[in-house]
Amino acid sequence: MKTLFKISVLTLSLVGMSALANVAPVLRGEITKPVHHANNANLLTTPVAGVPSIRASISQVKTLPTILINADKSGTTKLDVTLIDDLLDDLAPNARHYPTNFPNRTAEHLAGQNIKHISDWIEPYANAKDASLDVLIRAAKINGMARNLNIGDAYSLRANNHMAKVLKLDPNHAEANFLYGMMISEAGGFSEGKKYLDKAVNLGYVEAEQSLAQADLLSDKKDQALSRLKALQNKHPDNTQITEQIKIVENGGFYIWNIANNQLNLKPVY
């Protein structure tokens, strides 16, 4: 019920927002149009004799604040990316890095379907000549996950193109340097990716240091990877993820992002 309720709340919150050029895309099958009986009664609001009414209760209520971004540099078009940001946050532990790490094939498949959907939805805005940085960074993240899920070469190309555009707009964007370096290094370009990861580290992005350790490990530099992670652990003793990554390396593993995450509640796109 968690995901369904989040979407229902958001759907209601969008009522009356016709002034916006665009709203959040339909991602997970929420009802967006009235359901009518043969007598033209709206079954969502009007009971009909002989038709059972749905009764439900909801617990653990969670609402999502609406997130609006500029679609273009002028700010004339707004996009509601609330659902997109929520989905990206949910999927980050499972699909942000390659190889992906899902509890089962069903969850991986549903994640891929949602990622494809929102990638295709945001692509016209990201591909526009005046696309905003906010649109481009989201498009890069979405397509980076699509690449990790092996959905298709077209998504890898999108990820690369959009990330290059972000860095052209803001060369010192910490997360963009990390994401670009991560994508390159995880595809085997360790030397080229390291340039962007090093810059992200200098800009204070902790995850970039972890990705450097991953690159060390895949370059047969286990001792260097372990040393890097332990030094990072000393700087961030409360970061339990780094502690788990050290255990993976010490136990002979090669993928430090392979940390179990079963907290997924995804529905298919209809």
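The values are calculated or read from the model by the stated rules, or taken from the named source; none is laboratory data. No experiment lies behind these values; they were computed from the predicted model shown. Note that each Cβ is placed from the backbone with ideal geometry, even for glycine, and that neighbours are counted across all protein chains shown.
Descriptive notes on the structure:
Here is a yes/no grid of residues against (1) at pLDDT 95 or above; (2) of a type in the set (Phe, Trp, Tyr); (3) under 26 Å from the mean Cα position of the chain (by Cα); (4) buried (at least 16 other Cβ atoms within 10 Å of the Cβ):
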residue	(1), (2), (3), (4)
Tyr205	yes, yes, yes, yes
Ala208	yes, no, yes, yes
Ser211	yes, no, yes, yes
Asp216	yes, no, yes, yes
Asp223	yes, no, no, no
Ser227	yes, no, no, no
Ala231	yes, no, no, no
Asn234	yes, no, no, no
Thr243	yes, no, yes, no
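- The test for being surrounded by 14 or more Cβ atoms within 10 Å (Cβ to Cβ), of a type in the set (Ser, Thr, Tyr) and either closer than 14 Å to Ala139 by Cα or in contact with a helix residue (DSSP H, G or I) (Cβ under 9 Å, 6 or more places away or on another chain) (or both) does not hold for Thr63.
- Matching residues, region 184-235, being outside any helix (DSSP H, G or I) and not acidic (Asp, Glu): Ala187, Gly188, Gly189, Leu203, Gly204, Tyr205, Ser219, Lys221
Residue-by-condition table, conditions (1) over 18 Å from Trp121 (Cα atoms); (2) at pLDDT 95 or above; (3) in contact with an Asp or Glu (Cβ under 6 Å, 6 or more places away or on another chain); (4) not aliphatic (A, V, I, L, M):
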| position | (1), (2), (3), (4) |
| --- | --- |
| Asp80 | no, no, no, yes |
| Asp85 | no, no, no, yes |
| Asp90 | yes, no, no, yes |
| Ala95 | yes, yes, no, no |
| Asn104 | yes, no, no, yes |
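- Members of region 46-74 found to be in contact (Cβ under 8 Å) with a residue 40 or more places away in the chain and in a loop (DSSP other than H, G, I, E, B), listed by number: Ile58, Ser59, Gln60, Val61, Lys62, Thr63, Leu64, Thr66, Ala71, Lys73, Ser74
- Subset tally (residues that are touching a helix residue (DSSP H, G or I) at 6+ places or on another chain (Cβ under 9 Å) and touching a residue at least 40 places away in the same chain (Cβ under 8 Å)) for region 123-136: 6
- Among residues of region 121-180 being part of a loop (DSSP other than H, G, I, E, B) and aliphatic (A, V, I, L, M), the one that is surrounded by the most Cβ atoms within 10 Å (Cβ to Cβ) is Leu149.
- Selection within region 94-108: residues that are assigned to a helix (DSSP H, G or I) and touching a residue at least 40 places away in the same chain (Cβ under 8 Å). The member of this set that is surrounded by the fewest Cβ atoms within 10 Å (Cβ to Cβ) is Ala107.
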